[in-house]
Amino acid sequence: MPAQTEKSQLKRGRQSQGEQIEPKKARHGRLSPPASRLKQGPLPSPVTHKESTDDTKEGTVSPPQNGRQAPNSQAVRSPKGPAGLSSPPSDTQAFSQFVYPPVNRTYAVEDEEGEEVWGYLVPMDDDSGKVMVLRRRAACPVNPQMVGRTNGREKVPQGEYKRQEEEYEKEKQENGLTAGGYLIGRHRECDRILESPVVSNRHCLLFTEKKAGDVVAVLEDLSGNGTFVNDTIVGRNKRRVLQEGDEIAILDEARYVFRYPLVRNTHRFRQQYTIQEQLGKGHFASVYLCVEKSSGMRYAVKKFEKRTGPGEKSKVDGLQQEIAVLMGVSHPTLVCLKDTFDEDDGVYLVLELATEGELFNWIVMKQKLTEAEARKVFVQLFQAVKYLHERNIVHRDIKPENILLTDKNLHVKLADFGLAKIIGEESFTTTLCGTPSYVAPEILENSNHRRYTRAVDVWSLGVVLYICLCGFPPFSDELYSAENPYTLSQQIKNGRFDYPSPYWDSVGDPALDLIDRMLTVDVESRITIDECLEHPWTTKDTISVNDSTDGLTGAISKLDFSKRKVQRERTMLSDINDIQVTRVIRGTEGQDAVKVFEKNPNQKVTKAQMTQEMRPDDGRAPKEFIHMGGKGDETLYSEEDGGSRYETDQSVASLQNKGL
């Protein structure tokens with residue numbers, strides 16, 4: 001029969017070796033004769049259209065489709081494998097379904113277990129390069145001293161922070177400070193570099209997960225152009241668990257066969273780690289302190305319970321996204337993912353330990369940060385976000401709760417990548433997500449007009465910087481009043497905020513200029529992350545009068561100082577939150593103590609109490625109000641004597657003169 005017209009550009013995916021598939025039922029077309037009418041005996045040859053035993057009869061030719069005769073199609077041969085194997089022209093079996101004997105594993109290393117090998121990428125042609133041996137890599141910890149070197153009080157030369165980033169990238173190249181996963185793409189940090197304009201900078205990522213005690217390989221597609229497994233596209237931000245013999249294609253530029261090692265050891269979380277104490281608990285996961293048995297190193301393990309029901313799929317997707325992002329990055333200011341385990345009772349993420357907890361706790365306990373402290377923190381955060389943005393990753397949920405302190409010297413790690421998005425090189429996305437007080441105005445647009453970029457992270461950092469310097473957020477429902485009838489969403493979309501006195505009186509103008517530029521509603525006019533690193537507040541540089549009026553001097557001269565003049569009482573985060581250190585866990589010699597924090601331990605406020613002010617007599621005995629003139633507020637003044645119910649010096653003297 002002539003070839004059928006394809007309805008899709010994608011080929012039907014071939015199953016991996018070992019997958020069980022149901023046999024397809026025969027489909028009879030309108031022109032096909034029923035099975036009972038078929039002549040019993042030899043069928044026509046597909047090549048000659050003649051029966052094999054009787055060549056006197058003409059073969060029946062299928063009618064052309066759409067009135068046209070299909071061109072003769074040539075049989076496509078399967079690509080040659082690493083051992084010279086190939087399929088015959090008439091064979092339709094997938095290449096990945098061949099089982100190779102161990103004798104043909106010439107690419108394998110001798111001591112797979114000793115070298116912690118978890119897989120191989122065997123090239124299928126000469127253009128794909130050499131065999132990639134995939135070994136377990138220790139990506140944690142990364143030396144925090146490599147970037148963010150400032151105490152926040154000294155002037156930093158222009159370009160210093162950029163130079164630190166370049167030094168770190170050079171160090172990574174020379175000493176192999178790589179991520180936990182293996183990257184394929186055009187970028188210089190990739191483990192397999194493919195010099196082709198159609199290949200993305202970071203095209204795909206290969207990493208491992210421990211699932212049911214076994215090590216499984218996972219491929220995450222980071223590209224919009226396409227990564228294919230068994231001729232089926234994976235799709236950006238989607239993953240595929242690899243099976244033995246799966247074919248991996250990077251467009252038409254490179255093709256590989258994935259192979260597992262011969263020996264795959266059993267790996268379970270509790271065989272390698274010991275859980276000590278719970279450090280915190282959230283809506284989706286609990287965090288524990290754990291110790292690696294082989295090294296004695298301490299880590300934080302985030303455990304996600306396995307549940308079923310509505311909304312669980314989005315949690316799983318967020319968890320998988322967090323794993324994929326952390327496996328593909330390596331930077332001193334990003335929390336490091338050491339290992340993952342998918343067990344029967346939950347999913348475990350073994351993460352770098354932050355002994356001082358969240359930046360939120362620090363703000364509440366200290367009320368606010370000094371400019372020097374905030375500068376030290378934000379140099380690190382700017383460098384973290386710059387690293388992510390250069391790799392087309394948007395965090396989308398930057399807030400004080402997702403910034404961790406590793407020591408008392410304010411070394412920070414950006415964490416919680418559950419909402420992070422690899423947006424690709426077209427550089428925008430449309431999902432409504434984030435934490436309300438920190439989201440950028442473009443995220444709040446209607447779905448038909450919602451298109452946002454990396455700039456949403458700059459807005460969120462601006463909100464966090466504002467909070468750090470004064471102790472309360474720039475946008476809040478508490479600001480809603482008859483004089484200011486704007487909801488939280490309207491305040492954000494219109495960029496309505498100010499710097500009320502006296503909270504901002506001690507903060508310098510460069511800080512206000514930086515915040516103004518970060519909280520600019522117009523995305524095109526908003527400051528970039530590179531400009532944040534070069535801003536005079538960040539570098540503590542003096543602003544020269546010789547600077548261009550179109551530059552920072554001009555911007556500061558245009559500051560709306562009426563934002564400072566407003567006097568308004570605001571509620572500090574420390575007034576509505578109670579953070580307590582419930583215990584301190586001591587480590588061995590050389591290890592910092594781990595603080596365990598508890599938020600609002602005694603707070604039991606109902607929804608009605610949050611919306612309605614408590615009455616003066618709430619929770620008090622009625623007898624207390626018998627002599628106070630009524631049920632509620634106490635009567636402070638009366639018309640008798642001096643007009644006050646309280647004794648004054650004059651009334652006491654008059655009583656004494658009367659002999660009373």
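General observations
- Scanning segment 336-359 turns up at least one residue that is under 30 Å from Tyr168 (Cα atoms), surrounded by fewer than 22 Cβ atoms within 10 Å (Cβ to Cβ) and polar (S, T, N, Q).
So that you can scan it fast, the table gives a plain yes or no per residue for (1) more than 18 Å from the chain's Cα centre (by Cα); (2) under 22 Å from Gln591 (Cβ atoms):
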site: Val377; (1), (2): yes, no
site: Phe382; (1), (2): no, no
site: Pro400; (1), (2): no, no
site: Leu404; (1), (2): no, yes
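- Condition check for Gly185: touching a Lys or Arg at 6+ places or on another chain (Cβ under 8 Å), buried (at least 18 other Cβ atoms within 10 Å of the Cβ), more than 25 Å from Glu113 (Cα to Cα) and among the small types (Gly, Ala, Ser): yes
- Identity of the residue in segment 579-601, free of Cβ contacts under 8 Å to residues at least 40 places away in the same chain and of a type in the set (Asp, Glu), that ends up nearest to Leu405 (Cα to Cα): Glu598
- Residue count for segment 113-157, restricted to those that are part of a helix (DSSP H, G or I) and either in contact with a Gly (Cβ under 9 Å, 6 or more places away or on another chain) or modelled with pLDDT of 90 or more (or both): 0
Listed here are the residues, each with its yes/no results for (1) among the charged types (D, E, K, R); (2) in contact (Cβ under 8 Å) with a residue 12 or more places away in the chain; (3) within 14 Å of Trp537 (Cα to Cα); (4) not in a loop (DSSP other than H, G, I, E, B).
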{"site": "Trp459", "(1), (2), (3), (4)": "no, yes, no, yes"}
{"site": "Leu469", "(1), (2), (3), (4)": "no, yes, yes, yes"}
{"site": "Ser481", "(1), (2), (3), (4)": "no, no, no, no"}
{"site": "Tyr486", "(1), (2), (3), (4)": "no, no, no, no"}
{"site": "Gln491", "(1), (2), (3), (4)": "no, yes, no, yes"}
{"site": "Asp498", "(1), (2), (3), (4)": "yes, yes, no, no"}
{"site": "Ser506", "(1), (2), (3), (4)": "no, no, no, no"}
{"site": "Pro510", "(1), (2), (3), (4)": "no, yes, yes, yes"}
{"site": "Asp516", "(1), (2), (3), (4)": "yes, yes, yes, yes"}
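- Residues located in segment 486-520, provided they are farther than 17 Å from Pro441 by Cβ and in contact with a Cys (Cβ under 8 Å, 6 or more places away or on another chain): Tyr499, Tyr503, Trp504, Val507, Leu514
- Checked across segment 275-284, the condition of being assigned to a strand (DSSP E or B), surrounded by 15 or more Cβ atoms within 10 Å (Cβ to Cβ) and either at pLDDT below 85 or touching a strand residue (DSSP E or B) at 6+ places or on another chain (Cβ under 9 Å) (or both) holds for at least one residue.
- Hey, Arg236 assigned by TED's automatic domain parsing to the domain that holds Tyr168, in a loop (DSSP other than H, G, I, E, B) and of a type outside the set (A, V, I, L, M, F, W, C) or not: yes
- Inter-residue pairs, beta-carbon under 6 Å, first part of a strand (DSSP E or B) and in segment 211-225, second among the hydroxyl-bearing types (Ser, Thr, Tyr), 6+ apart: Val215/Thr208; Ala217/Thr208; Asp221/Thr227
- In segment 238-263, the residues that are surrounded by fewer than 16 Cβ atoms within 10 Å (Cβ to Cβ) and farther than 29 Å from Gly224 by Cβ: Leu262, Val263
- Some residue of segment 160-180 being surrounded by fewer than 20 Cβ atoms within 10 Å (Cβ to Cβ), modelled with pLDDT under 70, within 25 Å of the chain's Cα centre (by Cα) and assigned to a helix (DSSP H, G or I): yes
The values are calculated or read from the model by the stated rules, or taken from the named source; none is laboratory data. Source: prediction; values computed, not measured. Reconstructed Cβ throughout: ideal geometry from the backbone, glycine too, with neighbour counts over all protein chains shown.
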